[in-house]
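Some notes on the structure that comes next.
Just so it is clear, none of the values below were taken in a lab; they were calculated from the coordinates. Quick caveat, the model's predicted, so the values are computed rather than measured. FYI the Cβ positions are ideal-geometry reconstructions off the backbone, even for glycines, and counts take in every protein chain you see.
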Amino acid sequence: MKNGWTNFVIGTVRIRIVGKGIERFLNNCVRQQIMISNVHKVDGQLATATILLKDVKKIRILIRNADCKIYFIRGRGFPFLTKRVIKNSGFALGFLSFFIILGLLSNMVWKVEISGAEPQTEHQMTKQLAKIGVKRGEFQFLLESPEKIQRYLTDNMNNITWVGVEVRGTSYHFQVVEKNEPKSQQKTPYQHLIAKKKAIITNLFVEKGQPLVKVNDFVNEGEVLVSGIIGNEKNKKVVAAKGKVYGETWYKSEVEVPLKTDFQVLTGNGYTKHYLDFQAFKMPLWAFNKEKYASKVTEKVEHPLYFFKWKLPLSYEKVAVREEQNSQRVYSKQEAVEKALEIGRKKLLSTLGEDAKIKGEKVLHQEQDNGKVRLSIHYQVIENIANTQPIIQGD
């Protein structure tokens, strides 16, 4: 019994042998190849020894023909340890459950704190955070990373300039910088409406003031369209000219579109893996997918785990793998021209006012070179060309 580790797994039993035939009993054990060790003879009719648990049945048979009796003192090894654990399973399970529940509670969101925001903005942010699960009672390792939460808030809230996200144990802290809307400058109560660019007048809607132009007139930049001075020389009155003056303006745009474009697209196939990261190694939890993709996009999100306020040397990691493939978009020359016209229109409208519209467009120049179609486009636009100019003393 020199192999202590093997004996621990199998299990050993310490026995007491009482009677006159102790030597004969021990010799019979050796003949039956029963491993017996640590034999200690107390006197002529008493001895102790150690046997393997698996040989207990053989010992019971041999003792029937021996002039002695055996008594089991104690058992050692894995079988007896397992039996004791099962016997005390309630305590063991309770102890284990306590630490599991305590660990889960240490990784839940217990507080969401927002500072630097007005009450209305704070309420709006709280609703946005709840949509992505950032609220009390949610597990931290199921939430997005602080960087993604920050990006989500800045993309979905127009009244904030910047938001900082910090995780402190079981609390999420948000530091907000709101947009400072510039205070409307104190406008003079008296003003003209002037042209902000060259145009041909197409329509006028004057609420206050004296129109100085009419439809089809050509005006230059800075020319007065509606005067804030009304009446005659003897009875003048100064008001704040108000209204809209629409004119036809002109723009030129250069647009190019490649005939062939290579890009990557997601196929929709993919899987997600979950790990417990122990720094030295990663233990997969579920989703043991071994599918191989020729080209893929991998996104990792890691959440550290805490026990109370202490950060543990392990973390939960979520890995999303998505298959992608190469794709090529090919335009004919006519399709490329149509696409260029569409791009040009969108680009121009993005720089104009809300009520502006494109009246007409004309391709001034078109060429195809190095796999690209280039267009030079002239646009006719109808837009409000009126701008305000204060009436100063002496006008």
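Counting only DSSP beta bridges whose two residues both lie in the chain, roughly 95 percent are antiparallel. Rounded to the nearest Hz, the phi-derived 3J(HN,Hα) couplings of region 335-340 under the Karplus curve 6.51 cos²θ - 1.76 cosθ + 1.60 (θ = phi - 60°) are 5, 5, 5, 5, 5, 5, where x marks glycine and proline. Helix content alone sets the calculated 222 nm mean residue ellipticity of the chain: runs of n ≥ 4 DSSP H residues at -39500 (n - 2.57) each, divided across all residues, give -7500 deg cm²/dmol.
Run the dipole for the chain about the Cα centre, Lys and Arg Cβ at +1, Asp and Glu Cβ at -1, nothing else charged, and hand back the magnitude in debye, nearest 20.
With Lys and Arg at +1 and Asp and Glu at -1, about 3320 debye.
Within a straight-line Cα-Cα reach of under 23 Å, LYS292 can be paired with the following lysines, leaving aside sequence neighbours fewer than 8 residues apart in one chain: LYS273, LYS282, LYS300, LYS318.
Taken along the Cα-to-beta-carbon direction at a fixed 7 Å, the label points for PHE72 and SER89 span 2.0 nm.
Shown is the FRET efficiency for LYS54 and ILE100, computed with R0 = 41 Å from the Cβ-Cβ distance and rounded to the nearest 0.05: 0.70.
Scanning residues 5 or more positions from GLU138 or on other chains, those with amide H under 5 Å from its amide H are VAL109, with H placed 1.01 Å from N in the peptide plane. Take the Cα of ASP355, step 7 Å toward its Cβ, do the same at ASN232, and the gap between the two points is 3.3 nm.
Were the residues from ASN370 through GLU147 laid out at 0.36 nm apart, the gain over their Cα-Cα distance would be 76.2 nm.
Taking a ≥ b ≥ c as the square roots of the eigenvalues of the alpha-carbon gyration tensor, region 4-82 is classed prolate because a/c is 1.5 or more and a/b outweighs b/c.
Magnitude of the Cβ-charge dipole of region 111-178, K/R +1 and D/E -1, about the Cα centre, nearest 20 debye? So the magnitude is around 240 debye. Judged by the gyration tensor of its Cα atoms, with axes a ≥ b ≥ c, region 263-327 is prolate; a/c meets the 1.5 cut and a/b is the larger of a/b and b/c.
For the options GLU23, GLU113, GLU335, a Gaussian network treatment of the chain with springs between C-alpha atoms closer than 10 Å singles out GLU23 as fluctuating the most.
Rounded to the nearest 0.05, what FRET efficiency do ASN203 and THR267 have when you use their Cβ-Cβ distance and R0 = 41 Å?
Plugging the Cβ-Cβ distance into 1/(1 + (r/R0)^6) gives 0.20.
Just to be sure I understand, if you calculate Cα extents along the principal axes in Å for this structure, which of [x] 59, 46, 35; [y] 81, 61, 39; [z] 148, 54, 24 do you get? The value matching this structure is [z].
Given R0 = 25 Å, the distance between the Cβ atoms of GLU299 and GLU113 translates into a calculated FRET efficiency of 0.30. Setting aside same-chain residues fewer than 8 positions from LYS339, which lysines have a Cα under 20 Å from its Cα? Counting by Cα, and skipping residues close in sequence, LYS339 has these lysines nearby: LYS252, LYS260, LYS347, LYS357, LYS359, LYS362, LYS372.
For region 111-178, the share of DSSP beta bridges that are antiparallel, to the nearest 5, is 60%. Label separation (GLN175 vs ARG24): 9.2 nm, computed from points 7 Å beyond Cα along the C-beta direction. Across region 239-251, rounded Karplus estimates of 3J(HN,Hα) from the backbone phi angles (6.51 cos²θ - 1.76 cosθ + 1.60, θ = phi - 60°) give 10, 8, 4, 9, x, 10, 10, 9, x, 8, 10, 9, 9 Hz, Gly and Pro being marked x. For the residue pairs LYS197/LYS237; LYS214/LYS236; LYS296/LYS333, alpha carbon separations beyond 25 Å are given by LYS197/LYS237; LYS296/LYS333. All other residues with a Cβ under 14 Å from the Cβ of PHE78 taken together, and with Lys, Arg as +1 and Asp, Glu as -1, what is their net charge? Charge balance near PHE78 sits at +4.
Would you mind classifying region 158-303 by shape? Square roots of the alpha carbon gyration tensor eigenvalues, ordered a ≥ b ≥ c; an a/c under 1.5 is rounded, otherwise it is prolate if a/b is larger than b/c and oblate if not. Oblate, since a/c reaches 1.5 and b/c is not below a/b.
Lysine pairs, Cα distance under 15 Å, 8 or more residues apart or cross-chain: how many in region 4-82?
5
Per-residue 3J(HN,Hα) values for region 349-365, derived from phi via the Karplus relation 6.51 cos²θ - 1.76 cosθ + 1.60 with θ = phi - 60°, read 4, 5, 9, 9, x, 5, 8, 7, 8, 8, 7, x, 9, 9, 7, 7, 8 Hz in sequence order (x marks Gly and Pro).
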